[in-house]
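The values are calculated or read from the model by the stated rules, or taken from the named source; none is laboratory data. Keep in mind the model is a prediction, meaning the values are calculated, not measured. All Cβ positions, even for glycine, are placed from backbone atoms using ideal geometry, and neighbour counts span all protein chains on display. Heavy atoms of the whole protein, side chains included, go into the accessibility calculation; ligands, DNA and RNA do not. Shrake-Rupley method; radii C 1.70, N 1.55, O 1.52, S 1.80 Å.
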Amino acid sequence: MNLPARLTTFLDKEEHKMFVDGEYVSASSDKKIRVIDSATEKPVGKIRVANAEDVDKAVESAKRTFNSIEWSKMYPADRELLMFRLADLIEQNKEELASLITLENGKLLGDARSSDVMGAVRTFRYYAGWCTKLEGETIDISMRQKMGKQNFAFTRREPKGVIGAIVPWNFPLSIAAWKIAPAIAAGCTVVLKPSEETPLCALYLAELVMEAGFPKGVLNVLTGDGKTTGASLVNHKDIAKITFTGSTATGKAIGKNALDNMTDISLELGGKSPAIVFQDANRKEVAKGIAAGIFRNAGQVCVAGSRVYIQKSNYDEILTDICHVADRMRISHGFDQDAQLGPLVSKNHWKRIDGYIKQGVEDGSTLITGGNNPKSKGYFMKPTIFSCENNQDFVVQEEIFGPVLVAVPFDDIEDALQKANDSRYGLAGTVWTQDINKAMLCINELKAGFLAVNSPVRSDANLPLGGYKQSGFGTELGKVGVYNYTNLKSVNVVY
Ligand code: NAD
């Protein structure tokens, strides 16, 4: 694969430094992490683990910029222009960024282009428009005043301050954009901590932020792990809000720590999302749709439809159709144009998923297909499908976060809804039927924040995305996505 020239120059570094106050600087700690191409197992780069002192420098820069006249008094229309310029630059660097994401994450190049890079472009363009549309309300109130005096009450939205953004590795650029874009649109500044598995595209993005003309300190990028770098960011007293996407276990730990400083938090966490397939569903569309819902990005998608509930009357046929699609997927390096399934992100993640599959088999669930690595090199996992009679089976309840689908039969709509809602998670769900009444009943009854009918779920910059139950709180995207980075101030002028 011939990499674009600018990417070759970017990668040709002994070590990738963190990005603080508009420039790349070395972290003070000596601890290093290697970034690995999970398809070839070859190193792609090296980062250092930023410690509390480094975090301090990044937050200090973001705070200085937040309070600066240059940023705090910038006209919203000028902020909007900068954001549009950044979106254009990301688009112009589409090949560089997509190739970088394929190298550090393993995902298919086509997906990196369309989901990550163009997803980020769409998010920056969408929120660019919000810079000039943030507004308060005038409100009629009933507060009694002295004779002849009146109230003039209104609200205004103010930027929260320095935002600590902690993101996972599965969509390293687009999820970062879901946080950076609305934060900047609201007038905040950001310290981003990408995952230690995929830190490079965030560092590349930082370069583009400067190229677009943003003041230094609007975006700082810290390299490092969760234990040291992430935890120091969460504990920093000058962080106004932590916006986190990742696992439920980490989210809970972050939530508890953030509360010590009364730092605002939003937590976008794990999922184990159901897909309900009724007997009347369009059979041709179902198998492809269910397979796309779970095997995209090798199943490493928070909203993946990882539990499929199929009506008993045609359980066997539908399951056979899905297996047919799964078994024919071309498994290969993300740079292979014909690849349909890339590797998992890392060796550790491969081992974790392998462990889940083995435990599922031991637990008595029926492994129908997959469950092994078909290649001698790289962290690949074949599309894997279990059939389970019992909704309490380990593989039905656990978030696996890989290309593993669990099928369970159901009798009728009540049974389907009871089983689908019987999960500690509540992120997403899909319903497959030609009957609008069944679809509407499921929409009403499913305890999840992001649903689709007759399609896998897909995100859009204007469609809010957030979870119920253990999938977290603090919806992202849409207008609520930008409101989350503002404080609402209420004022009454007595005149
Ligand atoms: P993770 O929780 O292991 O890590 C996420 C980020 O948190 C990383 O940057 C990591 O370095 C950091 N981190 C880890 N421990 C920390 C700590 N104690 N303090 C501060 N930061 C810490 O998750 P992951 O393995 O990177 O991502 C997979 C998980 O993310 C899955 O559970 C998936 O469902 C979830 N996810 C959710 C959404 C959503 O929108 N709800 C989207 C994508 C992924």
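Name the residue, out of Val406, Val395, that is free of Cβ contacts under 8 Å to residues at least 60 places away in the same chain and within 16 Å of the ligand (Cβ to nearest atom).
So the residue among Val406, Val395 that is free of Cβ contacts under 8 Å to residues at least 60 places away in the same chain and within 16 Å of the ligand (Cβ to nearest atom) is Val395.
Residue-by-condition table, conditions (1) charged (D, E, K, R); (2) in contact with a helix residue (DSSP H, G or I) (Cβ under 8 Å, 6 or more places away or on another chain); (3) crowded, with 21+ Cβ neighbours inside 10 Å:
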| residue | (1), (2), (3) |
| --- | --- |
| Val395 | no, yes, yes |
| Ile413 | no, yes, no |
| Ser423 | no, yes, yes |
| Gly429 | no, yes, yes |
| Gly449 | no, no, yes |
| Tyr468 | no, no, no |
| Thr475 | no, yes, no |
| Asn487 | no, no, no |
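Residue count for region 451-464, restricted to those that are touching a residue at least 60 places away in the same chain (Cβ under 8 Å) and either open to solvent by less than 10 Å² (accessible area, probe 1.4 Å) or β-branched (Val, Ile, Thr) (or both): 1.
Scan region 125-146 and tell me whether some residue there is surrounded by fewer than 24 Cβ atoms within 10 Å (Cβ to Cβ), assigned by TED's automatic domain parsing to the domain that holds Met74, in a strand (DSSP E or B) and touching a residue at least 12 places away in the same chain (Cβ under 8 Å). Within region 125-146, one or more residues are surrounded by fewer than 24 Cβ atoms within 10 Å (Cβ to Cβ), assigned by TED's automatic domain parsing to the domain that holds Met74, in a strand (DSSP E or B) and touching a residue at least 12 places away in the same chain (Cβ under 8 Å). Could we say that Ala253 is surrounded by fewer than 21 Cβ atoms within 10 Å (Cβ to Cβ) and small (Gly, Ala, Ser) here? Here the answer is yes, as Ala253 does meet what is asked. Considering each residue of region 114-131 in turn, at least one proves to be out of contact with any Phe, Trp or Tyr (no Cβ under 8 Å at 6 or more places or on another chain), under 22 Å from Gly45 (Cα atoms) and away from the ligand (no atom under 16 Å from the Cβ). Among the residues of region 208-266, those that are without any contact (Cβ under 8 Å) to a residue 60 or more places away in the chain and either more than 15 Å from the ligand (Cβ to nearest atom) or among the aromatic types (Phe, Trp, Tyr) (or both) comprise Lys237, Met262. The residues in region 25-67 that are open to solvent by 70 Å² or more (accessible area, probe 1.4 Å) and either outside any loop (DSSP other than H, G, I, E, B) or not assigned by TED's automatic domain parsing to the domain that holds Gly213 (or both) can be counted, and the count is 11.
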